[in-house]
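Reading through the structure tokens given below for one structure.
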Amino acid sequence: MEFGPRALGSRSILGDPRVIDMQSKMNLKIKYRESFRPFAPAVTRERVSKYFELDSDSPYMLLVAPISSSQRIEASDGEDGIQGFDKLRVLRSRLPAITHVDHSAKVQTVSRDDNSRFYDLIHKFGEITADPVLINTSCNVRGEPIVCTPEDAFRCCTRTGMDY
């Protein structure tokens, strides 16, 4: 088990941050919370500066950093006047499921020394997709504690709309 305020790869629900409706899908089908809440990214340490304006370690998902300008999708004409919940539907980056309205994200950097299995998973995802970044959220649903046993994980997974 992990110790600390966040799921850091050992008891996590993972997703593809590039999928436009992934944020909404994971919030509604899995976490049972408001659809607009963004998720945190886990990224390999050596590639963090490609995706975020950050060039330091953030292994505990405690730092918020702007999305790199190379990953942003700038607002088109007319989007500046959008207000309220409509603003949440505007595509802001190539990684929409982890991008906050202000173009920031709560970043977790993962190095092989800190968590080799999680690092290897993110790295392999990057080999397949060219983007070594995953959504990382705690393996629990609203009102429940984070999973602690295989039985807890099984219950969590079977009681939600999780794909795998």
Q. Just one of the numbered conditions (1) modelled with pLDDT of 90 or more; (2) open to solvent by 50 Å² or more (accessible area, probe 1.4 Å) is not true of LEU88; which one?
A. (1)
Q) Hey, which of the strands (runs of 3 or more DSSP E) in region 1-67, taking only ones fully inside, have at least 1 residues that are among the aliphatic types (A, V, I, L, M) and more than 10 Å from VAL107 (Cα to Cα)? A) 12-15
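Can you spot a residue in region 71-82 that is part of a helix (DSSP H, G or I), open to solvent by 80 Å² or more (accessible area, probe 1.4 Å) and modelled with pLDDT of 90 or more? Give the steps one after another, and end with the answer.
At the first step, the residues of region 71-82 found to be part of a helix (DSSP H, G or I) are 79-81.
After this cut, where a residue has to be open to solvent by 80 Å² or more (accessible area, probe 1.4 Å) as well, the list is 80.
The next check asks that each one be modelled with pLDDT of 90 or more; those that pass are none.
Checked against the condition, which is being part of a helix (DSSP H, G or I), open to solvent by 80 Å² or more (accessible area, probe 1.4 Å) and modelled with pLDDT of 90 or more, region 71-82 yields no hits at all.
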Q) Restricting the search to region 108-153, which residues are assigned to a helix (DSSP H, G or I), closer than 25 Å to LEU63 by Cβ and open to solvent by less than 80 Å² (accessible area, probe 1.4 Å)? A) SER116, PHE118, TYR119, ASP120, ILE122, HIS123, PHE125, GLY126, THR129
Q. So is PHE52 crowded, with 18+ Cβ neighbours inside 10 Å and without any contact (Cβ under 8 Å) to a residue 60 or more places away in the chain or not?
A. yes
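Of everything in region 81-100, what is among the β-branched types (Val, Ile, Thr) and touching a helix residue (DSSP H, G or I) at 6+ places or on another chain (Cβ under 6 Å)? Give them in sequence order.
Across region 81-100, the qualifying residue is only VAL90.
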Q: Run GLY9 past the list (1) of a type in the set (Gly, Ala, Ser); (2) more than 22 Å from ILE146 (Cα to Cα); (3) under 12 Å from the mean Cα position of the chain (by Cα) and report the number of the one that doesn't hold.
A: (2)
Q) Do the conditions hold for PRO38, that is, is it more than 12 Å from SER138 (Cα to Cα), modelled with pLDDT under 90 and surrounded by 14 or more Cβ atoms within 10 Å (Cβ to Cβ)? A) yes
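The values are calculated or read from the model by the stated rules, or taken from the named source; none is laboratory data. Nothing here was measured: the structure is a model prediction, and the numbers come from that model. Using ideal geometry, Cβ is built from the backbone for each residue, glycine included, and neighbour counts are taken over all protein chains shown. We work out accessible area using only protein heavy atoms, side chains counted, and drop any ligands, DNA or RNA first. Shrake-Rupley method; radii C 1.70, N 1.55, O 1.52, S 1.80 Å.
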